[in-house]
Amino acid sequence: MISPETRVQIRRYYYAEHWKVGTIASELGVHPDAVRNAIESNRFATARPLRDSILDPAAQVAAGYQPIMPSFAGLVSEEQILDLIAYIESLADREVRAP
Ligand code: HEM
């Protein structure tokens with residue numbers, strides 16, 4: 001699995017500098033599939049920011065769910081929020097890699 005830093009670098013080359021997948025793969029010494037995965041595993045980026053979903057869950061409720069989630073505002077520190085977001089995003093990566 002590639003590091004979060006490499007993932008960020010891949011996304012920068014691809015989306016900001018418009019490099020091709022193969023060019024990024026050879027520049028960073030990673031497999032082209034890893035590059036594609038880093039580009040595609042963006043499931044949460046277009047969704048509501050995870051931070052809002054944790055701090056103010058009732059503001060927008062995911063389709064098919066009841067608004068039973070309590071707000072965690074004031075209960076978790078900024079560092080804990082970042083940890084939670086990183087963890088949830090790591091689950092998205094894993095799902096994209098699954099066969
Ligand atoms: C630290 C603990 C928790 C975290 C980090 C967390 C995170 C999240 C996130 C990010 C979403 C949005 C998902 C999406 O938009 O696709 C969500 C939705 C939801 N959560 Fe939590 N959650 C936590 C605790 C809880 C608890 C304790 C409950 C219930 C007792 C709960 C019930 C729900 C439900 C029903 C939804 C879907 C409806 C909605 O969008 O509000 N969650 N949660």
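Rule-based calculations on the coordinates, nothing more; no lab input. All values reported here derive from a predicted model rather than from experimental measurement. Ideal geometry is used to build each Cβ from the backbone, glycine not excepted, and the neighbour counts take in all protein chains shown.
Approximating the spin labels as points 7 Å out from Cα along Cα→Cβ, the Leu84-to-Ile39 distance works out to 3.4 nm. The magnitude of the dipole of the stretch 1-40, with charges of +1 and -1 set on the Cβ of Lys/Arg and Asp/Glu and taken from the Cα centre, is near 60 debye.
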